[in-house]
Amino acid sequence: MVDQSVAVLWSRPLHLRSDPQAMAVAPGSLVVAERHSRLVRLDPRSGAQLWEQRVEDCWGTTVIAGEHCLYLSQAGVLHCFDLDNGQRLWSTPGLGLRRYLSVCGAVVLLGCSSRAPVCRNYWWWPPPGPF
């Protein structure tokens, strides 16, 4: 067995809900949905806050796709932010979908939570703005 020592580089109270969808990681980026309805990008090397944006809630799903950060809120609003500076590029309210978010190329897959074995509300959609 090899000893894999781990050193703590930084620490920050994130006020984060305990759900893996609340956090998205990509090279050079860590985006978390924190309490008080805010989306925050941190530098994963230093923990420094790079930007912050207000959203409807902190219970949505966060995904990093290339140079963009997508956030699907529990209120059914899909937001697209510029990953570098946090600028809100577009928002689409009233989707009725609020749980699953996945991106492949220019295709965004959205879904809902359901007690049924199969969720019927999947939607493939090319984004309406820069992507």
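Just a few scattered comments:
- Distance between modelled label sites at residue 106 and residue 2, nm, 7 Å Cα→Cβ extension: 4.3
- Neighbourhood charge, 15 Å Cβ-Cβ cut-off, centred on residue 81 and excluding it, Lys, Arg +1 and Asp, Glu -1: -2
Read the figures in this text as sums done on the coordinates, not as results from a lab. Note that the structure is predicted; figures quoted are calculated from it, not measured. All Cβ positions, even for glycine, are placed from backbone atoms using ideal geometry, and neighbour counts span all protein chains on display.
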